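The values are calculated or read from the model by the stated rules, or taken from the named source; none is laboratory data. Quick caveat, the model's predicted, so the values are computed rather than measured. Backbone-built Cβ (ideal geometry, glycine too); neighbour counts: all protein chains shown. Only protein heavy atoms, including side chains, enter the accessible area calculation; ligands, DNA and RNA are left aside. Shrake-Rupley method; radii C 1.70, N 1.55, O 1.52, S 1.80 Å.
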Amino acid sequence: MQPVPPLPPADSGSDFLQHIRYEKRLSHHTLVAYENDLLQFTEFLQEHHPGTLARQADHLLIRAWIVYLVEAKLDKSTVNRKIATLRSFYGYLLRRQQISADPMQKIVALKMSKKLPTFVEEKPMATLLDDVDFPDDFIGLRDKLVLELLYGTGIRLSELTGLKPGDINHYDRTITVLGKRNKHRIVPLTPPLFELIGQYQQQKAIFFDGKADPGSLIVSDKGIAAYPVLIQRIVNKYLSLVTTLEKKSPHVLRHTFATHLLNRGADLNAIKDLLGHSSLAATQIYTHTSLDQLKKAHDQAHPKGGK
């Protein structure tokens, strides 16, 4: 990804970005998104209202930009993220008394239709992990571990690529995961998954003669730290063998992890902690899927079910 051109210093955007970079300590992905959003808003103002700085914009100009984005057919979630960026930006300016009123007070996010999480059913997941033959070499072992870790722990893609050998607690059979906002959480490993990690580490040491990146648990074919595209390719390749779902991504395995736990009676608060959600609201989306499963079970098992 190419670096985003810096915002004009006079527009306070640079100060805001420095603030979120060093004080909020947000992820690099989030920082790039904020920078892009502010740059696009600045460009919109210069094109349609020359001479107007972002800190001078009122709610009418902001609303005009939102209309412009909607008419450009941007996804509602993308538009709402840009609205959230401006909300943070103007909140920053208000706290530092660089503006006297917050123009975002009159701005509301676009209404979103609720989307249920995409997940793989239990049977195809069992087929994938128990019956599919993985190549009997380092690559095959690595690929299987990637799938087992994503499905067995529910960790995010960024959390997987960030795992270090030292994050594995061999005594407690757990891993320490560095999640969003630099928050750590402990996730347990099943005995088979813990054993698979051990086998993988032994094979990795032999395959690379101990010269693989020592700071990364999952590495590429060349021994360097695994990168997102590699993980996405692995997941897409193997999920394609067992499901016709249109979306086949690491995040689908995270959804699958949470859905299967809930369907088998796991406590919602426990799932929240395992996923690293900051609030229960983010986890409750899985209750809709669980309810569908309950209805399906009822229809199949009850004498009057499905009639």
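For the chain, give the percent of accessible area contributed by carbon and sulfur heavy atoms, probe 1.4 Å, rounded to a whole number.
Working: 9420 of 17690 Å².
Within the chain, the accessible surface is 53 percent carbon and sulfur.
Is the stretch 49-93 best put as rounded, prolate or oblate by its Cα gyration tensor, with a ≥ b ≥ c the root eigenvalues, rounded for a/c under 1.5, and otherwise prolate when a/b is larger than b/c, oblate when not? It is oblate, given that a/c is not under 1.5 and a/b is not larger than b/c.
For the chain, the solvent-accessible area works out to 58 Å² per residue, with a probe of 1.4 Å and every protein chain left in place. GluC sites (Glu not before Pro) within the stretch 125-198: which are DSSP loop residues with at most 11 other Cβ atoms inside 10 Å? The qualifying sites: there are none. When percent of Cα pairs over 35 Å apart is computed from the coordinates, the matching label among [x] 11; [y] 15; [z] 36 is [z]. Name the most mobile residue of Gln201, Gln97, Gln284, meaning the one with the largest mean-square fluctuation, in a Gaussian network model of the chain with Cα contacts below 10 Å. So, out of Gln201, Gln97, Gln284, the one fluctuating most is Gln97.
Among residues other than Pro191 with Cβ under 13 Å from its Cβ, the summed charge is -2 (Lys and Arg +1, Asp and Glu -1).
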